[in-house]
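The values are calculated or read from the model by the stated rules, or taken from the named source; none is laboratory data. For clarity, every value in this text was computed on a predicted model and none was experimentally measured. Because the Cβ atoms are built from the backbone with ideal geometry, glycine has one as well, and the counts that use them run over all protein chains shown. Please note that ligands, DNA and RNA were not included when accessible areas were found on the heavy atoms of the full protein model with its side chains. Shrake-Rupley method; radii C 1.70, N 1.55, O 1.52, S 1.80 Å.
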Amino acid sequence: MQRLYDFLRRHPIGVDCFWALVLVGISVMSVAPQEEARGTDMTALIFPFVLLLCVVIALRRLMPEKMLLLAAALGLGQLALDVSTMPADFALLVIVYTVAATGARWASRTALAMGLCAAPVAQLRWPMEDAGIGGNIAITVFQAVPFALAWVLGDSIRTRRAYFAQLEERAARLEKEREAQAKVAVAAERARIARELHDVVAHNVSVMVVQADGAAYVLDAAPDQAKKALETISSTGRQALAEMRRLLGVLRTGEHQEAGEYVPQPDVQQIEDLVEECRSSGLPVDFKVEGTPRRLPSGLELTAYRIVQEALTNTRKHGGPNAGASVRLVYFDDGLGLLIEDDGKGAPHELYEEGGFDGQGHGLIGMRERVGMVGGTLDAGPRQGGGFRISVLLPLKPAH
């Protein structure tokens with residue numbers, strides 16, 4: 001049955017032609033006995049009407065408006081030539097439904113008017129003499145109801161199809177929007193990973209370079225200090241590799257990742273370790289915590305860690321010889337404050353040459369992007385008397 005149903009749906013014109021042939025047979029078998037009973041022979045006149053009405057059914061899907069006009073012309077022809085109603089007139093009912101469901105709006109309205117007028121006009125042309133006035137009115141109403149129901153059914157089918165078409169269009173639009181959002185999310189994730197990689201590489205590589213230079217300088221005079229510097233290089237390199245493995249693992253697709261390959265993201269608690277690492281590399285750092293330490297959202301803590309990391313890296317790279325830095329971490333009721341300062345003499349000129357705060361440098365632009373993502377504010381610039389100052393406020397709830 002399902003195959004038959006699918007076949008019929010694939011060949012709607014063939015189905016209409018089949019029912020047209022059936023209607024031809026029914027009409028011929030019905031008209032011949034009536035003509036014999038009346039003692040007349042109008043078969044030659046009736047047969048063209050039967051064929052044309054059946055053509056209306058056969059071609060109703062291909063050209064509904066034209067078939068409506070043909071049906072109207074045939075109805076007028078029956079009235080003019082006194083060809084009384086017959087089974088083939090069922091085509092008028094079918095074309096009213098078809099035009100209401102698929103035809104143009106003007107054709108739909110015309111079909112409704114034609115259907116409502118067909119029954120009264122036919123009853124006036126061929127009244128039932130023994131039924132009386134009341135009987136003829138009742139018959140007229142009874143014959144008009146199927147035309148009205150056919151039009152209502154066709155118009156409801158049109159409305160339903162339009163509704164489903166609108167739903168399909170909306171679903172397609174939502175699918176496109178989801179794909180666009182997914183692409184934006186991927187681009188944002190890649191930008192985030194790029195910032196993370198910059199922070200990791202810039203900080204850890206600079207520490208390794210400083211330690212390597214120090215180890216080479218004291219290798220002969222102080223082997224113990226050289227050994228300690230090499231150990232720092234080793235641990236810093238491992239840390240950098242672990243973080244880079246975590247970040248690059250996000251970009252891998254279709255590969256099985258072991259849970260042990262990923263390490264937790266840095267948080268505020270690790271800022272002290274970061275400061276100790278800078279101190280061991282030769283950069284004096286004063287670290288203070290004010291307020292009551294508490295757990296903060298992971299995204300906010302990662303932002304705070306990366307900002308301190310980038311600021312200390314810039315101090316090491318641009319602060320010049322004998323530069324020192326201070327890091328102040330302040331817990332507020334509604335957020336977290338950061339103040340990172342250094343007294344490097346080479347900071348202002350070199351940072352501006354690197355494009356740090358004039359919109360050209362990647363590291364400090366990354367700071368602004370990170371702060372903006374959590375709804376915070378960043379103020380950075382040269383200190384009076386030399387050095388650089390970075391002030392950041394990270395709210396618990398982003399500002400709208």
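Can you tell me the length gained on complete extension of the stretch Phe7 to Leu69, counting 0.36 nm per residue apart and subtracting the Cα distance?
Working: separation 62, 0.36 × 62 = 22.32 nm, distance 3.04 nm.
Here the segment from Phe7 to Leu69 would lengthen by 19.3 nm.
Sorted by mean Cβ packing within 10 Å, highest first, what order do the peptides 143-152, 212-221 take?
On the way: 143-152: 17.1, 212-221: 13.4.
Top of the packing list down: 143-152, 212-221.
Which order do peptides 118-131, 328-341 fall in by mean Cβ count within 10 Å, highest first? Intermediate values should be presented prior to the final figure.
Numbers: 118-131: 14.2, 328-341: 17.0.
Highest mean packing first, the order is 328-341, 118-131.
Please sort 389-397, 309-317 by packing, taking for each peptide the average over its residues of neighbouring beta carbons within 10 angstrom, highest first. Spell out each step's value before the answer.
Numbers: 389-397: 17.9, 309-317: 24.0.
The packing order, highest mean first, is 309-317, 389-397.
Give me the accessible area per residue for region 24-159, probe 1.4 Å, as a whole number in Å².
Numbers: 7240 Å² over 136 residues.
Per-residue accessible area for region 24-159 comes out at 53 Å².
Give me the number: length gained by fully extending Ala187 to Trp19, i.e. 0.36 nm times residue separation minus the C-alpha to C-alpha distance, one decimal in nm. Intermediate values should be presented prior to the final figure.
Working: separation 168, 0.36 × 168 = 60.48 nm, distance 5.91 nm.
Full extension of this stretch gives 54.6 nm more.
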